[in-house]
Amino acid sequence: MSLFKRYREVATAPSIPTKDVQESPIREKSQEFWNIEASLHNYLLEELKKYPGQNKEQEKKKIVELGEAFFNEEGGRLTFEEKQEILEYVKDELLAYGPITPLLENPLISEVMVNSYDEIYYEENGKIARSNVSFMDNQHVMRVIERIVSPIGRRVDESSPMVDARLPDGSRVNAIIPPLALKGPSLTIRKFSDTPFTIKDLIRFGTLSEEMAEFLDICVKSRLNIFISGGTGSGKTSTLNVLSSFIPNRERIITIEDAAELKLHQEHIVSLESRPANIEEKGQISIRDLVRNSLRMRPDRIVVGEVRGAEALDMLQAMNTGHDGSLSTGHANSPRDILSRLETMVLMAGYELPVRAIREQIANAIDLIVHQSRMKDGTRKITHITEVLGMEGDTIVLQDLFLFKEKGHSGDGLIQGSFTSTGIRPKFTEQLELNGYSLPSSWFVGEWFK
């Protein structure tokens, strides 16, 4: 029996209807092309079972070797390019994430968005474009989603149709399936670099100036409580990772996240990750549970990936009870807006606290707000470094220290502007000096970067 007939045990892949979009070359192939691809896939699945315990590189070599043997018997009608195309496609199916694998491996692409099996977008250099790759059908997307969530103990089905997960490299994954997603399973992957960004990278990208970077370095080492705010996709997590890298190596760091994304290189780190409820709606461990537990773990620093609910109360209490130098992020449109959101999140804890009491907690806990924005041209910039001065009546008083001032657009559509100081020295200057740091007067005059 030929290999083609022997391993043709699954339904052949359906032809995919064309739309007003550039088609992937493999999608334009004949039904016979898809039949051979399905046959090769099943053949390799069976043959690889004979070679257990291989690492990924060994499996890749074995797939190429077995693929050549398969094509020697069944690939006579195919060109060399078609054989390589089918082999790469099947290799991605077996070892990675199917047709979106090339997008995930492209270092210039920062996000991959699967709206439906034949509608895939990606973000490159801050701009969103439609890809010409496609899954075969909705079940194909579901198989990839299950391949992502299963290794980390997450599940996705009709009873739990939404899931947050991560790839081995730390990339953030969100999946949502029918009946909530009307067009079929939807998948969003926020990629993270294998090599985490450093402060030099952020300066090179134009996210902040060298003076602002040195200022934030001093603030982290002086154990100020810093909150990073910004909209979705503004780069908050990358900035949090960079600021966390300023923490001295001798200190004990507890990181708390929904899906572990932070990549710190200090020696003394404990990384905690929340856990959703199981199929019986039991066993959930929330961010709030982890924050409270971390206080019993003798932390020098607590780093919370994102505050989005009742854990805000516990985070503020930790900052106010000797856990200085804590770092976190939150969604907001401005430094003032993050304070309002923190008030709301504290109330979500279920305690009927007076608004003034909540504001006093916030004002006493947070020293500095770093606000980051994604600009219209796709670049990301720290637009505000704002000091929290305290209370005046019932209002929390803020003071901008550094700003990004937009001045227009260049001929190629890029944002033009400059980082500038407001000329005001922070109230906590004395605290910095007690820690052995001095702030040059040149930091508080003029514009540094255009």
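The values are calculated or read from the model by the stated rules, or taken from the named source; none is laboratory data. What you see is a predicted model; the values in this text were computed from it and never measured. Cβ: placed from backbone, ideal geometry, glycine included. Neighbour counts: every protein chain shown.
Values computed for the structure shown
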{"quantity": "Cβ-Cβ under 8 Å pairs, at least 6 apart or on other chains, region 380-402 side farther than 19 Å from PRO354 by Cβ and at pLDDT below 95, far side part of a strand (DSSP E or B) and basic (Lys, Arg)", "calculated": "ARG380/ARG374"}
{"quantity": "So ARG298, is it farther than 22 Å from GLY235 by Cβ and modelled with pLDDT of 90 or more", "calculated": "yes"}
{"quantity": "Residue satisfying all of: in region 159-182; among the hydrophobic types (A, V, I, L, M, F, W, C) and assigned to a loop (DSSP other than H, G, I, E, B); surrounded by the most Cβ atoms within 10 Å (Cβ to Cβ) among these", "calculated": "ILE177"}
{"quantity": "VAL397 being more than 22 Å from ILE199 (Cβ to Cβ), in the same structural domain as GLY330 (by the TED database) and assigned to a helix (DSSP H, G or I)", "calculated": "no"}
{"quantity": "Candidate set from region 327-342 (those that are of a type in the set (Ser, Thr, Tyr) and surrounded by fewer than 23 Cβ atoms within 10 Å (Cβ to Cβ)); member that is farthest from the chain's Cα centre (by Cα)", "calculated": "SER340"}
{"quantity": "Selected residue (criterion: nearest to VAL220 (Cα to Cα)) from residues of region 373-394 that are part of a strand (DSSP E or B) and of a type in the set (S, T, N, Q)", "calculated": "THR386"}
{"quantity": "Matching entry among SER286, SER245, SER328, SER340 (being in the same structural domain as LEU368 (by the TED database), out of contact with any Pro (no Cβ under 8 Å at 6 or more places or on another chain), touching a residue at least 40 places away in the same chain (Cβ under 8 Å) and of a type in the set (Ser, Thr, Tyr))", "calculated": "SER328"}
{"quantity": "Breaking point among (1) more than 27 Å from HIS331 (Cβ to Cβ); (2) in contact (Cβ under 8 Å) with a residue 60 or more places away in the chain, for ASP377", "calculated": "(1)"}
{"quantity": "Selected residue (criterion: nearest to SER286 (Cα to Cα)) from residues of region 315-354 that are part of a helix (DSSP H, G or I) and either among the acidic types (Asp, Glu) or touching an Asp or Glu at 6+ places or on another chain (Cβ under 7 Å) (or both)", "calculated": "GLU343"}
{"quantity": "Residue count for region 298-314, restricted to those that are more than 18 Å from GLU261 (Cβ to Cβ) and surrounded by 22 or more Cβ atoms within 10 Å (Cβ to Cβ)", "calculated": "3"}
{"quantity": "LEU272, sole failed condition from (1) closer than 23 Å to GLY436 by Cβ; (2) out of contact with any His (no Cβ under 9 Å at 6 or more places or on another chain); (3) of a type in the set (A, V, I, L, M)", "calculated": "(1)"}
{"quantity": "Hits in region 292-314 (condition: of a type in the set (A, V, I, L, M) and part of a loop (DSSP other than H, G, I, E, B))", "calculated": "LEU295, MET297, VAL307, ALA310"}
{"quantity": "Among (1) assigned to a loop (DSSP other than H, G, I, E, B); (2) over 16 Å from the mean Cα position of the chain (by Cα), the one test that LEU262 misses", "calculated": "(2)"}
{"quantity": "Where a residue in region 136-158 is under 23 Å from LYS191 (Cα atoms) and its partner, wherever it lies, is part of a helix (DSSP H, G or I) and not hydroxyl-bearing (Ser, Thr, Tyr), with Cβ under 8 Å and at least six apart", "calculated": "HIS140/GLY98; ARG143/GLY98; VAL144/GLY98; VAL144/ILE100; ARG155/VAL149; VAL156/ILE145; VAL156/GLU146; VAL156/VAL149"}
{"quantity": "Among residues of region 99-130, those that are part of a helix (DSSP H, G or I) and either of a type in the set (A, V, I, L, M, F, W, C) or without any contact (Cβ under 8 Å) to a residue 60 or more places away in the chain (or both), counted", "calculated": "6"}
{"quantity": "Filtered residues of region 267-291 (kept if in a helix (DSSP H, G or I) and either surrounded by fewer than 16 Cβ atoms within 10 Å (Cβ to Cβ) or of a type outside the set (D, E, K, R) (or both))", "calculated": "ILE287, LEU290, VAL291"}
{"quantity": "Test: LYS60 is assigned to a helix (DSSP H, G or I), surrounded by fewer than 17 Cβ atoms within 10 Å (Cβ to Cβ) and either touching a residue at least 12 places away in the same chain (Cβ under 8 Å) or aromatic (Phe, Trp, Tyr) (or both)", "calculated": "yes"}
{"quantity": "Extreme residue, surrounded by the fewest Cβ atoms within 10 Å (Cβ to Cβ), among residues of region 211-248 that are assigned to a helix (DSSP H, G or I) and hydroxyl-bearing (Ser, Thr, Tyr)", "calculated": "THR237"}
{"quantity": "THR207 being touching a strand residue (DSSP E or B) at 6+ places or on another chain (Cβ under 8 Å) and assigned to a strand (DSSP E or B)", "calculated": "no"}
